[in-house]
Amino acid sequence: MRQNIQNGFTLIELLIVIAIVGVLGGIAYPSYQDSMTKSRRADAKAALLELSVFMERYYTTKGCYNIPDATTLACVTSNAAPVLPFDIAPKSAYNSSIASSTVKANYDLKVVATPTSFTLTATPRQNAPDSKCGLLTLTNAGVKGASYATTPADVAACW
């Protein structure tokens, strides 16, 4: 008697392996995307906290959060906010010799200031959407915000 020795895989075995890989990929990819979003958000939060320290140092030296009048050195409401030391997050993507619009960054940072207050904002770029939190804000009083957060618990989850 001759035995028939099978070499290789049957089509059914191959389809089962492909189905298992597809299910595992379908579970793993959303988790990966969520982890990447949280990582980008952590970079933005760290940048906002660092910039808030910059703004407090600026207030200590100038007496106001915006640029004082050049001649009288008085704090006036009409003047603009100071130039931030960096305007993108992550800060490691910053290169002073390249325009910030061409750098691979995830958030754009800006400040709006009056003589007695400031609000820092981190806006997600198109390449790094954040559908859970949206843009993040931090004020001089330490109030944290997120544009898509509807409750204080949602804001706390974003921060």
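The values are calculated or read from the model by the stated rules, or taken from the named source; none is laboratory data. Every value quoted in this text rests on a predicted model; they were computed, and no experiment measured them. All Cβ positions, even for glycine, are placed from backbone atoms using ideal geometry, and neighbour counts span all protein chains on display. Accessible surface is based on the protein model in full, side chains and every heavy atom, while ligands, DNA and RNA are left aside. Shrake-Rupley method; radii C 1.70, N 1.55, O 1.52, S 1.80 Å.
Return the single residue from T119, T61, T137 with maximal mean-square fluctuation; model: Gaussian network over the chain, springs between Cα atoms under 10 Å.
T61
Given H placed on each backbone N at 1.01 Å, which residues far from A146 in sequence or on other chains put an amide H within less than 5 Å of it?
T137
Taking only DSSP H segments of four or more residues, each worth -39500 (n - 2.57), what value at 222 nm results for the chain once the sum is divided by all its residues, to the nearest 500 deg cm²/dmol? Numbers along the way, then the final one.
Working: 2 runs with 59 residues, N = 159.
Calculated at 222 nm, the ellipticity per residue is -13500 deg cm²/dmol.
Can you give me the solvent accessible area of L24 with a 1.4 Å probe, rounded to the nearest 10 Å²?
110
Please report the accessible area of D34 (heavy atoms, 1.4 Å probe, ligands and nucleic acids excluded) in Å², nearest 10.
70
Build a GNM of the chain with springs between Cα atoms under 10 Å: which of Y59, Y29, Y148 gets the top mean-square fluctuation?
Residue with maximal mean-square fluctuation among Y59, Y29, Y148: Y29.
Give, rounded to the nearest 20 debye, the magnitude of the charge dipole that segment 25-146 has about its Cα centre when Lys and Arg contribute +1 at Cβ and Asp and Glu contribute -1 at Cβ. Walk me through the numbers before you get to the answer.
Working: 12 positive and 8 negative charges, 50 e Å.
Dipole of segment 25-146, to the nearest 20 debye: 240 debye.
³J(HN,Hα) across segment 148-153 via Karplus (A = 6.51, B = -1.76, C = 1.60, θ = phi - 60°), whole Hz, x for Gly/Pro?
Each residue of segment 148-153 in turn: 8, 7, 9, 10, x, 5 Hz.
Find the relative contact order for the chain and round it to a whole percent, using C-alpha pairs within less than 8 Å whose residues are 6+ positions apart. Mind showing how you got there, number by number?
Numbers: 204 pairs, mean separation 26.6, N = 159.
Reported as a whole number, the value is 17 percent.
Which whole-Hz couplings ³J(HN,Hα) result when phi for each residue of segment 16-23 is put into the Karplus expression 6.51 cos²θ - 1.76 cosθ + 1.60, θ = phi - 60°, listed in order with x for Gly and Pro?
Going residue by residue, I get 5, 5, 5, 5, 5, 4, x, 5 Hz, with x marking Gly and Pro.
Given a 1.4 Å probe, how much area per residue of segment 11-88 is accessible, in Å²? Please list the in-between numbers first.
On the way: 5040 Å² over 78 residues.
Value for segment 11-88: 65 Å² per residue.
Per residue and in Å³, how big is the convex hull formed by the alpha-carbon atoms of the chain?
On the way: hull volume 27.4 nm³, N = 159.
Hull volume normalised by residue count: 172 Å³.
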